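Let me begin by presenting the structure, written as structure tokens, before commenting on it.
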């Protein structure tokens, strides 16, 4: 059974070459948290006293302003960062999707990048070979798939990356939103693939600024602020506290119906 458990975990980053306040400020903006010190070495306290227990079927959204620690927490949950203090345990195959461009080479073709990206996400070559035709059809890139990735527009690269990401079979899916560069029609098409991806995953942790995506894919949330968990509970409750308003109040009947369907499909009850 897949699970993620984190106990009293903190993550610190020593900045050995920091020579100015601006450098420390830049580093802080990348990872979140607060600046401390250990002797003469500045320390970025990226995460502080994190306690999380997730099990099969959990669908958790991460909310908070830029630099609040969401991406750092995803990396802790993925096992990429080890806690400086405290401990963590991860059971299951993790598919970390933090940057849709990671694992893609601009000098090789789209077809070749499909294979490389799939391997990066934990699939094997045989599994990816079975998925190539489906991914190609989904992306609608046609002959461009035989051309180097450097010839693609930003939107085309996102299409290719989304095609690969939504084809995998993750046990633990850690997703950082990055799909704003595609047109509205394709984004609607991608929504269906994302729903199917979430259904196939055991655990989902999704960092996003989009209320709609969070409401569609998640039923609970963690609010991060300065590297700390400010709130953890039901999605509607946490979003209302974070945003200062009820995220459901201005939604259309169509959107409310979609949210209800997505929660049933993902194995979680509606609100």
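Mind giving me the FRET efficiency for residue 241 and residue 49? R0 is 22 Å, r the Cβ-Cβ distance, nearest 0.05 is fine. The partial results should precede the final answer.
On the way: r = 19 Å, r/R0 = 0.88.
Computed FRET efficiency for residue 241 and residue 49: 0.70.
Among 6-12, 250-256, 200-206, 185-191, how do they line up from the highest to the lowest mean number of other beta-carbon atoms within 10 Å? Kindly include the intermediate steps, with their values, before the conclusion.
On the way: 6-12: 18.7, 250-256: 10.9, 200-206: 22.6, 185-191: 14.6.
Packing proxy ranking, top to bottom: 200-206, 6-12, 185-191, 250-256.
In nm, give the distance between the simple-model label positions of residue 225 and residue 120, each being 7 Å from the Cα along the Cα-to-Cβ direction.
Simple spin-label model gives 3.5 nm for this pair.
What FRET efficiency comes out for residue 189 versus residue 93 if R0 is 30 angstrom and r is the Cβ-Cβ distance? Round to the nearest 0.05.
Values: r = 27 Å, r/R0 = 0.89.
Efficiency, rounded to the nearest 0.05: 0.65.
Go ahead and run the numbers for FRET between residue 82 and residue 177, Cβ-Cβ distance against an R0 of 22 Å, rounding to 0.05.
Values: r = 25 Å, r/R0 = 1.15.
Given R0 = 22 Å and the Cβ-Cβ separation, E is 0.30.
Report the rotationally averaged projected area of segment 99-169 based on its alpha-carbon convex hull, in square nanometres.
Values: hull surface 16.0 nm².
Mean projected area of the Cα convex hull: 4.0 nm².
By how many nm would the segment from residue 257 to residue 169 grow when fully extended, if each residue of separation counts as 0.36 nm and the alpha-carbon distance is taken off?
Values: separation 88, 0.36 × 88 = 31.68 nm, distance 2.65 nm.
That works out to 29.0 nm of additional length.
Throughout, read-outs are computed from the coordinates displayed, never taken from laboratory work. For clarity, every value in this text was computed on a predicted model and none was experimentally measured. Cβ: placed from backbone, ideal geometry, glycine included. Neighbour counts: every protein chain shown.
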